[in-house]
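Below: the structure, in structure tokens.
The values are calculated or read from the model by the stated rules, or taken from the named source; none is laboratory data. Just so we're clear, the structure is a prediction, and the values are computed from it rather than from any experiment. Ideal geometry is used to build each Cβ from the backbone, glycine not excepted, and the neighbour counts take in all protein chains shown. What goes into the accessible areas is simple: the full protein's heavy atoms, side chains included, and nothing from ligands, DNA or RNA. Shrake-Rupley method; radii C 1.70, N 1.55, O 1.52, S 1.80 Å.
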Amino acid sequence: MPGHIGIVACSAEGASLCYRTICVEGARLMGPHAHPEISMHSHSLADYMNCIYRGDWQGVADLMLSSAGKLAKTGAEFLICPDNTIHQAFPCVEPGSPLPWLHIAEVVADEAAARGFRRLGLTGTRWLVEGDVYPEKLTARGLEFLRPSEAERDEINRIIMEELVYGVFRPEGVRVFQQVIERMKSEGCDAVVLGCTEIPLIIDDANSSLPTLDSTRLLARAALRRSVGGYSG
């Protein structure tokens, strides 16, 4: 039987896209309408944000571990979290987790290395692009990276937190991301990390001047591969 996937959700749009990707793409590996068993748990996004705003990453970890414990009781065999920002709490999560995890930045870094990219532009919330979640994983694979400028960070963060997490997708927001990606291209980046799980809802290879590394779908696909690794149909 395929492995039971547990999703530790944070924001609704990113978690929904991850869940849908596993379900839809599962059929390609398992047959029509088939996908692995999936359980999801989410605390309120407000609970996470209250911790993040005060820099309480242990508090974030506690919320993630609370979800992990509930998912373990449902029978989940491993966990994923389709939210890049709260991976900043991962060092506090992993030691006490009842189940193993796939790390979103490791999945993205593996894909970037496999595709031969050398210098990646980072996009995401202010906390994500100013933190070590991606730099640590990229550097370990010999990959360079470029962060957004201060002004770009502010505007990207505003779009994510005031628009995308609410399912609001505006042409003006798309243009902001396109301009940031174009600048990163001009500074030698050969791909861009969509390092917020909502960004793929408005940016993809079709409207980006750089190849995109879609963290949401890459994580979903990695979970799917792990789940069905020993599945024979």
Legend entry - Square roots of five times the Cα gyration tensor eigenvalues for the chain, Å: 27, 21, 17
Legend entry - Relative contact order computed over the chain (Cα-Cα under 8 Å; 6+ residues apart), in percent: 26
Legend entry - Dimensionless Rg over Rh [the range 152-197; C-alpha; Kirkwood]: 0.98
Inset, instruction - Using the heavy atoms of the protein chains and a 1.4 angstrom probe, tell me the accessible area per residue for the chain in square angstrom. - result: 43
Inset, instruction - Give the calculated FRET efficiency between SER186 and ALA113 to the nearest 0.05, with a Förster radius of 22 Å applied to their Cβ-Cβ distance. - result: 0.40
Legend entry - ASN207-GLU37 pseudo-label distance in nm [points 7 Å out on the Cα-to-Cβ vector]: 3.9
Legend entry - Between the range 159-233 and the range 91-144, the alpha-carbon center distance in angstrom: 14
Inset, instruction - Could you please state how large a percent of the accessible area of the chain is carbon and sulfur, counting protein chains only and using a 1.4 Å probe? - result: 49
Legend entry - Over the range 110-233: Kirkwood hydrodynamic radius from C-alpha pairwise inverse distances, Å: 15.0
Inset, instruction - Restricting things to alpha carbons, tell me how big the range 1-77 is in terms of Rg and Dmax, in Å. - result: 14.4, 46
Inset, instruction - Compute from the Cα atoms of the range 170-232 the Rg and the Dmax, the latter being the longest Cα-Cα distance, and quote both in angstrom. - result: 14.4, 47
Inset, instruction - Could you compute the FRET efficiency for LYS73 and VAL168, with r as their C-beta to C-beta distance and R0 at 35 Å, rounded to 0.05? - result: 0.50
Inset, instruction - Working from Cα positions, state the angle (0 to 90°, nearest 10) between the long axis of helix 215-228 and the longest principal axis of the chain. - result: 20
Inset, instruction - Within the range 90-105, find all residues whose amide N lies under 15 Å from a label point positioned 7 Å from the Cα of ARG225 along Cα-to-beta-carbon. - result: 102-105
Legend entry - Nearest 10 degrees, 0 to 90: helix 150-162 Cα axis against the chain principal axis: 40
Legend entry - the range 182-233, relative contact order [Cα under 8 Å, separation at least 6], %: 34
